[in-house]
1. Return the total of residues in the range 438-475 being acidic (Asp, Glu) and part of a strand (DSSP E or B).
2. For ILE311, state whether it is without any contact (Cβ under 8 Å) to a residue 12 or more places away in the chain and among the β-branched types (Val, Ile, Thr).
3. Modelled with pLDDT of 90 or more and of a type in the set (Ser, Thr, Tyr): does that describe SER196?
4. Return the residue satisfying two criteria in turn: it lies in the range 436-491 and is of a type in the set (S, T, N, Q) and under 15 Å from ILE415 (Cα atoms), and of such residues it is surrounded by the most Cβ atoms within 10 Å (Cβ to Cβ).
5. So how many residues does the range 38-87 have that are touching a strand residue (DSSP E or B) at 6+ places or on another chain (Cβ under 7 Å), among the aliphatic types (A, V, I, L, M) and either over 30 Å from GLY305 (Cα atoms) or outside the structural domain of PHE215 (by TED's automatic domain parsing) (or both)?
6. Scan the range 132-144 and tell me whether some residue there is free of Cβ contacts under 8 Å to residues at least 60 places away in the same chain, closer than 22 Å to ASN70 by Cβ and not in a strand (DSSP E or B).
7. Among (1) assigned to a strand (DSSP E or B); (2) hydrophobic (A, V, I, L, M, F, W, C); (3) farther than 18 Å from LEU270 by Cβ, which single condition is ALA169 missing?
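The values are calculated or read from the model by the stated rules, or taken from the named source; none is laboratory data. As the structure is a prediction and not an experimental result, all values here were calculated from the model. Heads up, the Cβs are rebuilt from the backbone with ideal geometry, glycines too, and the neighbour counts pull from every protein chain shown.
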Amino acid sequence: MARQSVSARSRTKRWLVRYPRAMPLAIFALVAAITVLAVFAIERSDASRHSAQLRSRATAVASALERRANASSAYLRAGAALLATLDEVPAGRFRRFVSELRLDADNRGSEGIGWAAVVYPDQIDAFNAQMARDWPAGTQVHPRSNTSQQPYAVPVTFLEPDTPRNRRALGFDMYSESHRRLAMDEAERTARPTASGRVVLQQEGGTGGPGFLIFMPVFEQAPGGGRRLKGFIYSPFSAADFLSSALELEGSSGYEVALYDGPVSPERLLARTPGAEDRGAVAFERVAIGTEPWTLVIRQPVDWGLSILSIATIVFGLLVASLLMLLMRVLTRQAVEDEATLRWLGEQASIRNSLTRELNHRVKNTLANVLSIIALTRRRASNLDEFADGLDGRIRALSATHDLLTQSDWGTTPIRAVVEAELLPYAQDGDHEIELQGPDIQLAPNDALSLGLATHELATNAAKYGALSKPGGKISVHWHLIAESLVRVEWQESGGPPVAAQRGRGFGTDLIERIVAHELKNPVELTFDPAGVRCALIISVRQPSAFAIRANKSAPPEPAGAASAGQR
């Protein structure tokens, strides 16, 4: 179980290291997506709640409209019952009846209550005479009907309350207009209050808004039995006032309401509240007004903003997403740093292993050189002091070159530094001239050791027998590149004693021509010219070692490529 947990953490850390930028962004995107879904759910819930509220509001407004219409129908039924008992309908009796109804308090939205008697063609003149007596303005039946198409007229006889506005309707034959005629025929057939379709009331003078009427038939006993239509008691309504009166009962603040005579279409619009527009959430409700099916449309204006809860959710989601992204960023950075530290520790371990192998190899080479020097020195020495002096000088030459290599962390060493280290004791003597000339060329550690050993032998020989053995002697060491990876180092003595033509081979000659040539893997040109010894060495210019002793570094380096095996 513990191993599986460690493995899971390792996989997680690998993901963090592999995608240091993508992981925080992915966490941010995930939380943002969850926030968006939460806001969508909140807004959808709010929309459902608003839709339910809208439907409830539509039902309430429809009920208010129907209550208004039913109240008017109740008054008309009462009036019809009263008028049916009268042989004639005098103006005073009708006016008193209407005043007792208290229409201002109970019938808001209505223009009043009127009486329209049925007038047959042979009764028109008598009716006009009666209207002239009752109304000084001399009201007449209008328009005059075509008796061949209309069996009778139904002119407005009385309309209470008596106002200049309502007097405009007196004498108007309502049966001459199709919408009114259809409603009156239906009322006569059913003997129930019946609403007309969308009309313009006579009170409006032909320029007002749409309205409607509710008719209740009044019957009388016919001479031969049965019943006969006596006339209609009715209420005219301004559609806008009728809608406003219903909305006063059921508040519609924040909603847009429209009322249609039947199906919803522009030509059937009866009334609408100011500012109503055809957009936003909408609810439809059927309204029965005097047996007529009307349509109520109620809308809630479009609210393009988000709810407070949605805004709070967005703010909270963004804060959480930002915090998680920052946390993931910190964890990712820590994982990357841990990975870099582990890589650096691995590189250091590799360097230590390589350095140990390299030092072991170099120590073996150095010991091999020392053994060779001891063997050659012993072979050429005639006594112990000569053996000790020769061995001491050669070991010191190796030591001086080792010091240079240590200073360069066993990296590359300049040719000038190696030669100067061996000739330093003679350069401080004013009797001799030392000339060093050549470009800045770096040698690998083993090649520097070989050059130092060869220079020591040449300098020792020059101090004993050559240019450094007498005042005025000169040593010239020149070097230059002869190829991209080869340098030629030339030793030239001058100003010293003549070199004997016949001389035996000494230790220095064997050391240079055997050991040094073997180490450099190139032949050595050693010439004993009478004017002075000349020596030319060909040394390979190798690439700098890929490792070095970094004693002063304790912090992990910047990420870099893997180290390759260096050349010695």
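1. Residues flagged as acidic (Asp, Glu) and part of a strand (DSSP E or B) within the range 438-475 amount to 0.
2. Yes, satisfied.
3. yes
4. THR455
5. Here the count works out to 6.
6. Within the range 132-144 (the criterion being free of Cβ contacts under 8 Å to residues at least 60 places away in the same chain, closer than 22 Å to ASN70 by Cβ and not in a strand (DSSP E or B)), the answer is no, since none of the residues qualifies.
7. (1) is the only condition that ALA169 fails.
Here is a yes/no grid of residues against (1) touching a Ser or Thr at 6+ places or on another chain (Cβ under 6 Å); (2) surrounded by 13 or more Cβ atoms within 10 Å (Cβ to Cβ); (3) over 30 Å from TYR260 (Cα atoms); (4) of a type in the set (D, E, K, R):
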| position | (1), (2), (3), (4) |
| --- | --- |
| ALA26 | no, yes, yes, no |
| ALA41 | no, no, yes, no |
| HIS50 | no, yes, no, no |
| ARG55 | no, yes, no, yes |
| ALA60 | no, yes, no, no |
| SER63 | no, yes, no, no |
| GLU66 | no, yes, no, yes |
| ALA71 | no, yes, no, no |
